[in-house]
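Take a look at the structure below.
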Amino acid sequence: MRAHIRIIALDDFKGGIDDYTRAIEINPEYAAAYYNRGSVKIVLGQKDSARMDLIKAGELGIPMAYEAIKRYCQ
């Protein structure tokens with residue numbers, strides 16, 4: 001996924017978030033995009049927004065999203 005490359009290779013967290021957002025716009029049921037975007041937001045200190053993404057990821061079938069909320073979004 002292009003977002004991973006932007007984040008890891010280019011240290012472009014904002015660009016990665018933009019890519020995940022675009023993926024969600026294309027497919028609003030794409031649980032991994034919510035989870036990954038939430039994870040990037042945690043790194044950037046955007047806990048409230050991250051929590052919303054992780055909740056959605058959990059609702060769409062990624063149970064480990066709830067653990068990430070407990071660990072990083074309190």
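By count of other Cβ within 10 Å, fewest leading, how are LYS56, LYS47 ordered?
LYS47, LYS56
Given a 10 angstrom Cα cut-off, can you work out which residue in ALA33, ALA23, ALA50 is the most mobile in a GNM of the chain?
Comparing ALA33, ALA23, ALA50 in the GNM, the peak value goes to ALA23.
Whole-Hz ³J(HN,Hα) for each residue in region 13-26, computed from phi via Karplus 6.51 cos²θ - 1.76 cosθ + 1.60 with θ = phi - 60°, x for glycine and proline: what do you get?
5, 4, x, x, 4, 4, 5, 5, 4, 5, 4, 5, 4, 6
Give the order of LEU60, LEU44, LEU54 when sorted by the count of other beta carbons within 10 angstrom, beginning with the fewest.
LEU44, LEU60, LEU54
Whole percent per 10 Å bin, from 0 to the bin with the longest distance: what is P(r) over all C-alpha pairs of the chain?
Pair shares across the bins are 24, 53, 23, 0.
Over region 2-72, calculate the relative contact order: mean separation of alpha carbon pairs under 8 Å at least 6 apart, over the residue count, as a percent. Provide the component values of the computation, followed by the final result.
Numbers: 84 pairs, mean separation 16.3, N = 71.
Over region 2-72, the number comes to 23 percent.
Counting only other residues whose beta carbon sits under 12 Å from that of SER49, what net charge do I get with K and R as +1, D and E as -1? Could the numbers behind the result be given before it?
Working: positive: ARG37, LYS41, LYS47, ARG51, LYS56; negative: ASP48, ASP53.
Summing Lys/Arg as +1 and Asp/Glu as -1 gives +3.
What list of ³J(HN,Hα) couplings, whole Hz, do you get for region 53-64 from phi and the Karplus terms 6.51, -1.76, 1.60, once you set θ to phi - 60° and write x for glycine and proline?
With the stated coefficients, region 53-64 comes to 5, 5, 4, 4, 4, x, 4, 8, x, 10, x, 5 Hz.
Along the charge dipole of the chain, pointing to its positive end and built from +1/-1 on Cβ of Lys, Arg, Asp and Glu, which listed residue (ILE24, ASN36, ALA68) has its Cα farthest out?
The Cα lying farthest towards the positive end belongs to ALA68.
Could you calculate the contour length gain from LEU60 to PHE13, that is, 0.36 nm times the residue separation minus the distance between their Cα atoms, to one decimal place in nm? Write down the numbers at each step before the final one.
Numbers: separation 47, 0.36 × 47 = 16.92 nm, distance 2.36 nm.
Residue separation times 0.36 nm, minus the Cα-Cα distance, leaves 14.6 nm.
To make sure I understand, if each residue's beta carbon is the centre and we count other beta carbons within 10 Å, what order do ARG37, ARG71, ARG51, ARG22 fall in, fewest to most? Before the final figure, lay out the partial values.
Values: ARG37 28, ARG71 9, ARG51 19, ARG22 12.
Arranged by neighbour count, lowest to highest, ARG37, ARG71, ARG51, ARG22 become ARG71, ARG22, ARG51, ARG37.
Laboratory data are not the source of any read-out in this text; all were calculated from the coordinates shown. Since we're looking at a predicted model, the values are computed, not measured. Don't worry about glycine lacking a Cβ; one is built from the backbone with ideal geometry, like all the others, and counts go over all protein chains shown.
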